[in-house]
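For reference, the structure discussed in these notes is given below.
The values are calculated or read from the model by the stated rules, or taken from the named source; none is laboratory data. This structure is a prediction, so every number in the text was calculated from the model and none was measured. Positions of Cβ are backbone-derived with ideal geometry, glycine not excepted, and every protein chain shown enters the neighbour counts. Ligands, DNA and RNA are excluded from the accessible area calculation, which covers all protein heavy atoms including side chains. Shrake-Rupley method; radii C 1.70, N 1.55, O 1.52, S 1.80 Å.
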Amino acid sequence: MNRLIRWMQKHKIPLDASVLDIGTGNGVFLVELAKFGFSDITGIDYSPSAIQLSGSIIEKEGLSNIKLKVEDFLNLSTELSGFHICIDKGTFDAVSLNPDSAIEKRKQYVKSLSMVLKVKGFFLITSCNWTKEELLKEFSEGFELFEELSTPTFSFGGKSGNSVAALVFQKK
């Protein structure tokens, strides 16, 4: 979370930029964004219980400027569009692990992302299942790599690598 917020600070993303958290889960990242000062933030999750949980966490924090919606990112309603920033901290990974037609679902994810993100908008993805090279291939249609965020490295058998890939794409 901090890595993503630091990136947003570094690039002077306006606090009124519209931000979508794809697969928000418990909504903790939304809380951090709101505490930092972002005012137009939306969290979606296909799970009604996740949205209910995030709603109660947000309420306990006394925040009222966060929108929550039960929404299947692979089956979007037309209401979601025009976001400056979209953030994924594991939803693409989960979609990719689906045993039923994972390739089609990944393609649908990219289509949905294209629908909700403004032209020149940024997509920040953190993945522990995909390498940088694989993510570049998955998001090659309509997106270009803007920046790779540094993540912890490890060494084993004389080789070093990352257990997590964190990339920022910009919509063409």
For this session: Can you tell me which residue among 80, 53, 76, 30 is more than 22 Å from residue 129 (Cα to Cα), open to solvent by less than 80 Å² (accessible area, probe 1.4 Å) and modelled with pLDDT of 95 or more?
Result: 30
Problem set entry | Those residues of segment 83-106 which are more than 13 Å from residue 46 (Cβ to Cβ), charged (D, E, K, R) and open to solvent by 30 Å² or more (accessible area, probe 1.4 Å), in sequence order | 89, 100, 104, 106
For this session: State which residue is farthest from residue 103 (Cα to Cα) when the search covers only segment 126-140 and only residues that are assigned to a loop (DSSP other than H, G, I, E, B) and in contact with a strand residue (DSSP E or B) (Cβ under 7 Å, 6 or more places away or on another chain).
Result: 131
Exercise. Does residue 35 qualify as being assigned to a helix (DSSP H, G or I), more than 18 Å from residue 125 (Cα to Cα) and open to solvent by 50 Å² or more (accessible area, probe 1.4 Å)?
Worked result: yes
Problem set entry | Among (1) within 25 Å of residue 8 (Cβ to Cβ); (2) open to solvent by less than 30 Å² (accessible area, probe 1.4 Å); (3) not basic (Lys, Arg), the one test that residue 134 misses | (2)
Exercise. Residue check: is residue 64 under 20 Å from residue 17 (Cα atoms), under 17 Å from the mean Cα position of the chain (by Cα) and assigned to a loop (DSSP other than H, G, I, E, B)?
Worked result: no
Problem set entry | Enumeration of residues in segment 107-129 that are touching a helix residue (DSSP H, G or I) at 6+ places or on another chain (Cβ under 8 Å) and open to solvent by less than 40 Å² (accessible area, probe 1.4 Å) | 109, 110, 123, 124, 125, 126, 127
